[in-house]
Amino acid sequence: MSAINIKVEKTEAAIKLEKEHNLSFDLMQNHPWDAGYDVRACIPRPAFIQPLSRLVIPTGLKIEILSAQYEIQCRPRSGLAAKHGIMIVNSPGTIDAGYRDEIMVILFNSGNTEFMVNPGDRIAQLCFRAVPSVGISYVNSISREND
């Protein structure tokens, strides 16, 4: 096995975080090396997702990304998928810099039994990612060198 060196430039993305309800939870990492921040169900009572059905779960969080060079990706938690067949429908869901409403997570139950989401359950993870600036130009045809 050979080793490679990888250099990653550290950048900072400023965000503003607002709790929407008294039931809201802080974004948290279980470990400092985790790529994502867990988000929790901000619901007043348990919610049930029937087999082969989806349910929109509020997180109680509003996030304002202060730079258009960043996005937030909402990703599933592998434990929910592996143990219960719970997935995020539009995974990964993208939260653009211009989005200002409450973050909601669309959970889907791919299993054959009802799944209960309790208040405060960790339902997804948010990952902050840089968005490259892309210039697009339109052309009449694209040449192929090996045709």
Exactly one of P119, P51 is over 26 Å from L17 (Cβ atoms), out of contact with any Lys or Arg (no Cβ under 6 Å at 6 or more places or on another chain) and surrounded by 12 or more Cβ atoms within 10 Å (Cβ to Cβ), and that residue is P51
Every listed condition ((1) open to solvent by 50 Å² or more (accessible area, probe 1.4 Å); (2) over 30 Å from S133 (Cβ atoms)) holds for L66 save (2)
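Take I72 and decide whether it is surrounded by 13 or more Cβ atoms within 10 Å (Cβ to Cβ), part of a strand (DSSP E or B) and touching a helix residue (DSSP H, G or I) at 6+ places or on another chain (Cβ under 9 Å).
On the way: surrounded by 13 or more Cβ atoms within 10 Å (Cβ to Cβ): yes; part of a strand (DSSP E or B): yes; touching a helix residue (DSSP H, G or I) at 6+ places or on another chain (Cβ under 9 Å): no.
Criteria not met by I72.
Could we say that V56 is part of a strand (DSSP E or B), modelled with pLDDT of 90 or more and surrounded by fewer than 16 Cβ atoms within 10 Å (Cβ to Cβ) here? I'd like the intermediate steps shown before the answer.
Working: part of a strand (DSSP E or B): yes; modelled with pLDDT of 90 or more: yes; surrounded by fewer than 16 Cβ atoms within 10 Å (Cβ to Cβ): yes.
In short, yes.
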Checked the stretch 90-115 for anything assigned to a loop (DSSP other than H, G, I, E, B) and either in contact with an Asp or Glu (Cβ under 8 Å, 6 or more places away or on another chain) or surrounded by 13 or more Cβ atoms within 10 Å (Cβ to Cβ) (or both); matches are S91, P92, D96, A97, Y99, R100, E102, I103, S110, G111
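Tell me which residues, restricted to the stretch 11-40, are at pLDDT 75 or above and surrounded by 11 or more Cβ atoms within 10 Å (Cβ to Cβ).
D26, L27, M28, Q29, N30, D34, A35, G36, Y37, D38, V39, R40 - these are the residues of the stretch 11-40 that are at pLDDT 75 or above and surrounded by 11 or more Cβ atoms within 10 Å (Cβ to Cβ).
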Of (1) outside any loop (DSSP other than H, G, I, E, B); (2) open to solvent by less than 90 Å² (accessible area, probe 1.4 Å); (3) without any contact (Cβ under 8 Å) to a residue 40 or more places away in the chain, Q125 satisfies every one except (3)
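The values are calculated or read from the model by the stated rules, or taken from the named source; none is laboratory data. Given the structure is predicted, the values throughout are model-derived calculations rather than measurements. We place every Cβ from the backbone using ideal geometry, glycine too, and count neighbours over all the protein chains shown. Accessible surface areas use protein heavy atoms only, side chains included; no ligands, DNA or RNA. Shrake-Rupley method; radii C 1.70, N 1.55, O 1.52, S 1.80 Å.
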